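Here is the structure we will look at.
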Amino acid sequence: MNRSGRLATFCGLGSVAALVVGAMDAAANFGSTAASGNTEVSLGNNRWHSWSFWTSDSNWRTALNDAATYSYGNVTDLVVSRAGDNQSSDVRLITADFGPIGELARTSCPSDGTRGGSDPTEWCWNQWIKINQNSALLPTDATGRKSLMCHEFGHTVGLRHPAGSDPHDTCMVAANWPYTGLSHSNPYNSEWDQINANY
């Protein structure tokens with residue numbers, strides 16, 4: 001049985017209808033977008049999604065490993081793996097200087113990435129996740145860093161910010177974040193369903 005089937009079985013029959021409705025509601029929250037500010041949502045080019053590190057910061061390396069493995073790899077049909085350091089991969093993580101205030105991180109398909117298709121199904125290989133090392137709002141605890149990595153990694157597989165006010169405890173709702181003591185370390189079930197339907 002694939003992971004989608006296990007999720008439905010685990011949730012029980014009473015929850016299946018809610019998951020289906022949630023998946024329909026979430027449809028507008030999935031798909032590639034043009035760059036908005038400095039963040040661009042792209043799909044992965046297939047269900048095998050690898051990452052590499054262009055930073056020596058062990059805290060962020062651990063956060064991405066944990067988010068990719070436990071928030072996506074263990075609960076969706078994605079096959080996630082670390083490709084090593086400074087190697088070609090689906091996603092590259094780097095710490096950078098965007099200035100002392102403002103955005104915590106950005107996700108983009110850079111000029112040296114490979115693109116295919118067109119929005120809302122455009123995919124990118126060799127995407128960047130860039131952490132703003134100088135933001136005063138950057139989380140300093142392990143849970144907060146994992147939550148931010150869950151959010152940015154979600155953008156690399158097609159998850160957008162949910163529209164409007166979303167009460168779900170999901171790492172993709174930026175408004176849920178006080179930026180300290182973050183507890184939103186997973187996508188919501190309907191977001192997992194969107195990933196499983198598209199990979």
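The values are calculated or read from the model by the stated rules, or taken from the named source; none is laboratory data. Because the structure is a prediction, the values reported are computed rather than measured. For neighbour counting, all protein chains shown are included, and Cβ atoms are generated from backbone atoms with ideal geometry for every residue, glycine included.
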Revision key, fill the gap. Only one of (1) charged (D, E, K, R); (2) closer than 19 Å to L138 by Cβ; (3) not in a loop (DSSP other than H, G, I, E, B) does not apply to R82, and that is (2)
Review point. Hey, among the residues in segment 62-90 that are buried (at least 18 other Cβ atoms within 10 Å of the Cβ) and touching a Leu at 6+ places or on another chain (Cβ under 9 Å), which one's farthest from N198 (Cα to Cα)?
Key: A63
Exercise for review: Among residues belonging to segment 105-114 that are closer than 16 Å to G158 by Cα and buried (at least 19 other Cβ atoms within 10 Å of the Cβ), point out the one that is farthest from the chain's Cα centre (by Cα).
Suggested key: C109
Point to revise | Count of residues meeting criterion [among the aliphatic types (A, V, I, L, M), without any contact (Cβ under 8 Å) to a residue 60 or more places away in the chain and within 23 Å of Y188 (Cβ to Cβ)] in segment 59-104 | key: 2
Check your understanding: For segment 115-150, how many residues meet the condition of being over 19 Å from the mean Cα position of the chain (by Cα) and not in a loop (DSSP other than H, G, I, E, B)?
Key -> 1
Review point. Given the conditions (1) surrounded by 14 or more Cβ atoms within 10 Å (Cβ to Cβ); (2) modelled with pLDDT of 95 or more, and given that A96 satisfies all but one, which numbered condition is not satisfied?
Key: (2)
Exercise for review: Tell me, yes or no, whether segment 135-143 has at least one residue that is closer than 22 Å to L159 by Cα, buried (at least 22 other Cβ atoms within 10 Å of the Cβ) and polar (S, T, N, Q).
Suggested key: no
Check your understanding: How do the pairs read when you match residues in segment 132-156 that are at pLDDT 90 or above and small (G, A, S) with residues anywhere that are in a loop (DSSP other than H, G, I, E, B) and buried (at least 22 other Cβ atoms within 10 Å of the Cβ), using Cβ under 9 Å and keeping only pairs 6 or more apart or on different chains?
Key -> G154/V41; G154/T170; G154/C171; G154/M172; G154/P187
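Listed here are the residues, each with its yes/no results for (1) within 18 Å of E152 (Cα to Cα); (2) at pLDDT below 95; (3) among the small types (G, A, S).
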site	(1), (2), (3)
M1	no, yes, no
A26	yes, yes, yes
A34	yes, yes, yes
Y72	yes, yes, no
T76	yes, yes, no
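Restricting the search to segment 73-89, which residues are more than 18 Å from W128 (Cα to Cα) and of a type outside the set (V, I, T)? Even if it seems obvious, please write down each step before you answer.
As a first pass, look at segment 73-89 and keep what is more than 18 Å from W128 (Cα to Cα): 73-79.
Once the filter is applied, which keeps residues that are more than 18 Å from W128 (Cα to Cα) and of a type outside the set (V, I, T), segment 73-89 yields G73, N74, D77, L78.
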